[in-house]
Amino acid sequence: MPAKVGGRVLSHAGCLGAIIGLLAVSAQARYGGGLGTPEQPYRISTAAQLNALGSEPGDWDKYFELTTDIDLRDLGTARFQRIGTTHGGPFVGVFDGKGKTISNLRLYSEDESYLGMFGIVDAAEARIVNVTLLDPNVAGDNGRYVAALVGLLCNGTVANCHVRGAGIRGTGFVGGLIARAADATIMDCTAAGTVRGSTRVGGLIGGNLMGGVTRCQAAGAIWGDASSWSVGGLIGENESAPVAACRACSTVEGDDSVGGLIGKNITAAVSVCGVEAMVQGNTNTGGFLGQNAGGKITDCYAVAGVTGAVSPGGLVGYLGPSCGCKEYIAGLVARSYAAGPVRGADAGGLVGASYRSSVEDSFWDIEAAGCAASAGGQGMATSRMYSRATYVNAGWGLAAKGKDETTNPWCLPVPKNYPRLAWERTAVDFNGDGRVDLRDFARVAKRWRQADTGSWSGNRYVAPDGLVDFDDLAHLADLWLAHRW
């Protein structure tokens, strides 16, 4: 029979409408307004509202946006509720941080896995964008898939997301931003902090499979334990996933397959990426890549100090094929260089050891490395490493003076400096006039010792450590007077 609501008799259709309306009011009460639709996302403005999202699996397919910065210390003693879990299901919706900051995320478990603000994200349409996590601490003593933002990311997209001052600890698949990504898109993201683990440990991503990583950076200390493997400044292990226009500036330590950018790279193309790092390992240790198995490395560099027990390399520790079988994909290094001290038995200035693979048009600085041997590439005196002619003669495509070089991946700053990637010049050309000069220095000076929100640099995060300081100044100096010839 018809129901009464507020003294008014309703038909069955009207009753259904009333129930839907009550549900909408209830959801709005949990959050700060909105309907959870693309046009009217649920609005989140407090720590309690963000925690409410983690308690409502039924809302994990909806749209959300932050309206202000949030400090999770406001939760007091309440435990933060992860968004997307094994028992509640994955997050499959859209979360837009709108450039806001979430501070002081705290998660700890002795044995749970999938630790992060988002535990599990799994949908092609899922998106997490435009959010910064400040001072997150996430630890899983015996857990896997541990990171600040996402434990496991499948199919979805993470874009323009950043982590500052992270303290991350886990066992397998441990990352500053994302623990493991599979078939996902990750772009314009940065992470800075300390990351510790045993296997597949990375400054940005612990393990990455078949997705793409573009225009991302990482900085900090990446530590693997005594028996660790696949430890990298940006990505611990990368398989069949292109990586482009990325950078790492880190201290990286581990046991096997330890690299300044990627610990182990399997059949993946890595292009126009750079590293400034200190790297230490036992086997398969390299300034850029620890172990490259059938991957194509083109237009990349490492300015790194490398120490390894067995055959460390200034750029790549071990350059090999995809497998040792009859049919395999050969590894390749092309148009790349290394500069920095390399220490260890059978050290290689560019490549420590190579098998069924090739090196083309690539160099290392003999004086900086302190060794004249390499399993590939050509050693050069420092003066020749600074010379434009060295690279033009090798077919790197650097334009002659007076010619446009906007389509070339490399540029040369002032004399007595190594080549740098053209996108790096763009990153410190804040006013977009094609030069790195006093106008750009003035931008850094104006923001000196202030929090690095990215807004002053067009979200480029010159050095992704959360503060405009000497790291940013050093990067600007490295590219000083670089311009379009």
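The values are calculated or read from the model by the stated rules, or taken from the named source; none is laboratory data. For clarity, every value in this text was computed on a predicted model and none was experimentally measured. Virtual Cβ from ideal backbone geometry, glycine too; neighbours counted across all protein chains shown.
Where strands (runs of 3 or more DSSP E) sit wholly within the stretch 333-423, those with at least 3 residues that are among the small types (Gly, Ala, Ser) occupy 351-354. The number of residues in the stretch 441-472 being under 27 Å from Pro409 (Cβ atoms) and at pLDDT 85 or above comes to 3.
When you scan the stretch 349-368, do you find a residue that is surrounded by 15 or more Cβ atoms within 10 Å (Cβ to Cβ), closer than 20 Å to Thr283 by Cα and among the charged types (D, E, K, R), even just one? Within the stretch 349-368, one or more residues are surrounded by 15 or more Cβ atoms within 10 Å (Cβ to Cβ), closer than 20 Å to Thr283 by Cα and among the charged types (D, E, K, R). There is at least one residue in the stretch 292-299 that is of a type in the set (Asp, Glu), out of contact with any Asp or Glu (no Cβ under 9 Å at 6 or more places or on another chain) and not in a strand (DSSP E or B). Candidates Arg79, Arg144, Arg73: the one that is buried (at least 22 other Cβ atoms within 10 Å of the Cβ), of a type in the set (D, E, K, R) and in the same structural domain as Val163 (by TED's automatic domain parsing) is Arg144. Taking every residue in the stretch 136-150 that is without any contact (Cβ under 8 Å) to a residue 60 or more places away in the chain and under 8 Å from Tyr108 (Cα atoms) and pairing it with any residue that is part of a strand (DSSP E or B) and of a type in the set (Val, Ile, Thr), at least 6 positions away or on another chain, the pairs with Cβ-Cβ distances below 6 Å are Val138/Val146; Val138/Ile168; Gly140/Val146. Taking the listed residues Thr199, Thr194, the one that is surrounded by fewer than 19 Cβ atoms within 10 Å (Cβ to Cβ), part of a strand (DSSP E or B) and modelled with pLDDT of 95 or more is Thr194, with no other qualifying. Checking each residue in the stretch 231-261 for being closer than 27 Å to Ala123 by Cα and among the hydroxyl-bearing types (Ser, Thr, Tyr) picks out only Ser240.
Of note, Ala269 does not satisfy the criterion of being of a type outside the set (D, E, K, R) and crowded, with 24+ Cβ neighbours inside 10 Å. Of the numbered criteria (1) buried (at least 24 other Cβ atoms within 10 Å of the Cβ); (2) assigned to a loop (DSSP other than H, G, I, E, B), the one Ala330 fails is (1).
The criterion of being modelled with pLDDT of 95 or more, not basic (Lys, Arg) and not assigned by TED's automatic domain parsing to the domain that holds Leu133 holds for Val213.
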